[in-house]
Amino acid sequence: STGEEDLVDDHVDYAAIVDKMLNDSDVDRMDGAAMCKQVLSSAQRDALVYAGAAPPLIALLRDGSVEGKTIAATAVAELLFGFSETRPQAFIDAGVVEPLVALLRGENGYNDTDGKIRAASAIERL
């Protein structure tokens, strides 16, 4: 064992992160998305996506504040980092392409340069 499995099981409550993003509070949704940015290993990213992180992140991309959209775009890009046979498809199946492209186009007045860079990075990683 590489110990990576232990990190997945012992140190992160992935369901709690997803639950936080499913909350009605914008602050909780952004906090949960920010937590997604902090997972370090490929196994942790896989576990978080498996726990259901894609749909609430996509919801935040669609209807969050400017700050929320930027945090979500960053989280999606981070979760797509590194090789994975399943993570990109999970995000595609959940509908991530349209809201990422909308951010890049500046739709609905979105003009955060960092968020646009993160959205482009996420698209590249798909």
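Below are the figures for this structure:
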item	result
Phi-based couplings in Hz for segment 107-116 (Karplus 6.51, -1.76, 1.60; Gly and Pro marked x)	5, 6, x, 6, 9, 7, 4, 4, x, 5
Cα-based equivalent ellipsoid of the chain: semi-axis lengths in Å, sorted from largest, via gyration tensor	24, 16, 11
Most fluctuating residue given options 98, 107, 78, as computed from a GNM of the chain linking Cα atoms under 10 Å	107
Using θ = phi - 60° and Karplus 6.51 cos²θ - 1.76 cosθ + 1.60, couplings along segment 15-24 (whole Hz; Gly, Pro as x)	4, 5, 5, 5, 4, 4, 6, 8, 5, 6
Loop-resident sites, segment 9-109, for chymotrypsin sites (Phe, Trp or Tyr not before Pro), counting at most 16 other Cβ within 10 Å (DSSP)	81, 83
For segment 79-94, Karplus couplings with θ = phi - 60° (6.51, -1.76, 1.60), whole Hz, Gly/Pro x	5, 8, 5, x, 5, 7, 7, 10, 4, x, 5, 4, 6, 4, 4, 7
About the Cα centre, charge dipole magnitude for the chain (Lys/Arg +1, Asp/Glu -1 at Cβ), debye	560 debye
Highest-fluctuation residue, 65, 41, 25 considered, GNM on the chain with Cα pairs under 10 Å	25
Solvent-accessible area, 1.4 Å probe, carbon plus sulfur percent, for the chain	50 percent
Solvent exposure of the chain as accessible area per residue, Å², 1.4 Å probe	52 Å²
Tail weight of P(r) past 17 Å, computed on alpha-carbon pairs of segment 63-126, percent	31 percent
Sequence of 114, 19 when ordered by accessible area, the most exposed leading, probe 1.4 angstrom	19, 114
Candidates 29, 105, 62: whichever shows maximal mean-square fluctuation once the chain is modelled as a Gaussian network with Cα springs under 10 Å	105
Value at 222 nm in deg cm²/dmol, rounded to 500, when DSSP H runs of n ≥ 4 in the chain each add -39,500 (n - 2.57)	-21000 deg cm²/dmol
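The values are calculated or read from the model by the stated rules, or taken from the named source; none is laboratory data. Quick caveat: nothing in here was measured; it's all calculated off a predicted structure. Neighbour counts are summed over all protein chains in view; Cβ atoms, including those assigned to glycine, are modelled from backbone coordinates with ideal geometry. Just the protein is used for accessible areas: all its heavy atoms, side chains included, with ligands, DNA and RNA removed. Shrake-Rupley method; radii C 1.70, N 1.55, O 1.52, S 1.80 Å.
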